[in-house]
Amino acid sequence: MPGKVPNKNSGVQDSLLYYESQISRRRNCCFSCCIITLIIILVLLVVAFLLVFVGYPFLFKHTIDLQRSLIFPTDDLLPKYPEFGNFKRYNVSGTRLLYLPVDDKRDLVIGVWHLLPEALLNESASDPSFNYDKTLSDLDYPVLIHFHENGGNRIQYVDMYKVLGQFFHVIAFDYRGYADSSHALPSEEEIVSDSIKLYKWVQSQTVADIYFWGHGIGAALSTHTIAKLHEEDIVPTGLFLEAPFSSIIDQLKANSPYKIIYSWMPWYESTMLNPLEKNDFNLRTIDYILKVDCPIMIVHAKDDYDTPFSLGLKVLKRAQQDRDPTAQGSINFHQLSHKFGFGHDFIYRWNELPQALQNHTK
């Protein structure tokens, strides 16, 4: 019986069927892998969301060091690599460096610059034995204590000192934990305590008038210092507030590193704002100003996006409503137009600032 003739196409068909089955299996595997990968990505996203938007806010709520680093960021200050005794590097003359003890038990000091009034610069430059103590004790020039912002050290404000130096001895200092002051953890109460000691030291050196100048968070600290001195019946001669905010909560609601990321969360205030006041990071300029019994001058730029102009107005309105100008001193407010472009840090460029200072010190 003749043999069966093999079908030449059967091998090809079998190969095609096998190939198609492999493709189908691979498709199923790829689909399964995609599903698994997608699930893993979704799980990771959920975990990341929980860590960033739930875990961190609750960690912030219970960690005072995180709160402190937001209010007093001492680790990343400008300018970098400062030399506080190298005055030529910063084009500063007629200046001496001091370290004032503020806590004998813990051996803490604050770094201080004493900058001479402009009219004495030539004399100090030509006299190697120039007596800073004697000139500070004279009545010829009043003294101004400068409280800086929280994101820099005192070197950053040299341009402002030069304007203020037209009228004052300038005492510029760094808060504890900042710059060349002792590396102690800063807090509002302790900085105010140090500032009171600084004021009393200045008071012991001179019978001249003593003024305060506060910028941003320095406005809150200087006003708080005067409110504390009020409890001892001590009244400085006057107060200047540059770009003040009403309270740290108002400031952070308006502008903070966390605002864009976290402010939409329903637990934002309870985890990231309210704990600050619980841990005494209050900085309520709007309350402290009621105990200021000396004339006040406020200057604020309308294009200030760090501390919105509206917060300076809030401080002004509270002072106008709840202070007695006859008994406690007048209050003057200077609003600077957008057209100048001064923002938060360049009010020293205002051409009329010297005249405003002169008017306030009459």
With everything on Cα atoms, drop me the angle between helix 309-322 and the longest principal axis of the chain, reported from 0 to 90° to the nearest 10. 40 degrees
What is the calculated FRET efficiency for Ser137 to Glu269, with r their C-beta to C-beta distance and R₀ = 45 Å, to the nearest 0.05? 0.35
Taking GluC sites (Glu not before Pro) in a DSSP loop with at most 11 other Cβ atoms within 10 angstrom as exposed, one finds the longest site-free stretch of the chain at 1-230
Evaluated over region 189-305, the Cα radius of gyration and Dmax, each in Å: 16.1, 54
Taking the chain as the reference, fit the longest principal axis to its C-alpha atoms, fit the long axis of helix 217-230 to the helix C-alpha atoms, and give the angle between the two in degrees, 0 to 90, nearest 10. 40 degrees
Per residue of region 42-56, what does 6.51 cos²θ - 1.76 cosθ + 1.60 with θ = phi - 60° give for ³J(HN,Hα)? Whole Hz please, x for Gly and Pro, Karplus curve as stated. 4, 5, 4, 5, 5, 4, 4, 4, 5, 5, 6, 9, 10, x, 5
Is the shape of region 154-257 rounded, prolate or oblate, going by the alpha carbon gyration tensor and its root eigenvalues a ≥ b ≥ c, with a/c under 1.5 for rounded and a/b larger than b/c for prolate? rounded
Rounded if a/c is under 1.5, else prolate if a/b is larger than b/c, else oblate: which is region 99-173, with a ≥ b ≥ c the root eigenvalues of its Cα gyration tensor? oblate
What FRET efficiency would be calculated for the residue pair Tyr81, Lys200, taking the C-beta separation as r and a Förster radius of 35 Å, to the nearest 0.05? 0.60
The chain - mean residue ellipticity at 222 nm from DSSP helices (-39,500 (n - 2.57) per run, n ≥ 4, rounded to 500): -12500 deg cm²/dmol
Hey, how many Å between the Cα centroid of region 202-262 and the Cα centroid of region 135-152? 14 Å
Folded to 0 to 90 degrees: helix 188-205 orientation relative to the chain principal axis, Cα: 20 degrees
Which percentage, to the nearest 5, of the DSSP beta bridges contained in the chain is antiparallel? 30 percent
If you take the Cα Rg of region 21-165 and divide it by 2.2 N^0.38 Å, with N the number of residues, what do you get? 2.03
Carbon and sulfur atoms account, in whole percent of the 1.4 Å probe accessible area of the chain, for 56 percent
With R₀ set to 56 angstrom, the calculated FRET efficiency between the beta-carbons of Tyr258 and Val207, to the nearest 0.05, is 0.75
Size descriptor, Kirkwood hydrodynamic radius, that averages inverse alpha-carbon separations across the chain, Å: 23.8 Å
Would you grab the residues whose amide H sits under 5 Å from the one on Ile298? Only those 5+ places off in sequence or on another chain, please, with H modelled 1.01 Å from N. Leu241, Asn332, Phe333, His334
One point scatterer per Cα, no solvent, Debye formula: log10 I(q)/I(0) for region 248-320 at q = 0.11, 0.15, 0.20, 0.28 Å⁻¹ comes out as -0.34, -0.60, -0.95, -1.28
Given a 1.4 angstrom probe, what's the average accessible area per residue across the chain, in square angstrom? 52 Å²
Asp103 long-range amide H proximity, modeled H, under 5 Å: Leu108
Can you tell me the convex hull volume per residue for region 223-362, based on C-alpha atoms, in Å³ to the nearest whole number? 117 Å³
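The values are calculated or read from the model by the stated rules, or taken from the named source; none is laboratory data. In this text, all values refer to a predicted model and were calculated from it rather than measured experimentally. No Cβ is skipped: glycine too gets one built from the backbone with ideal geometry, and neighbour counts run over all protein chains shown. SASA here: full protein model, heavy atoms, side chains in, ligands and nucleic acids out. Shrake-Rupley method; radii C 1.70, N 1.55, O 1.52, S 1.80 Å.
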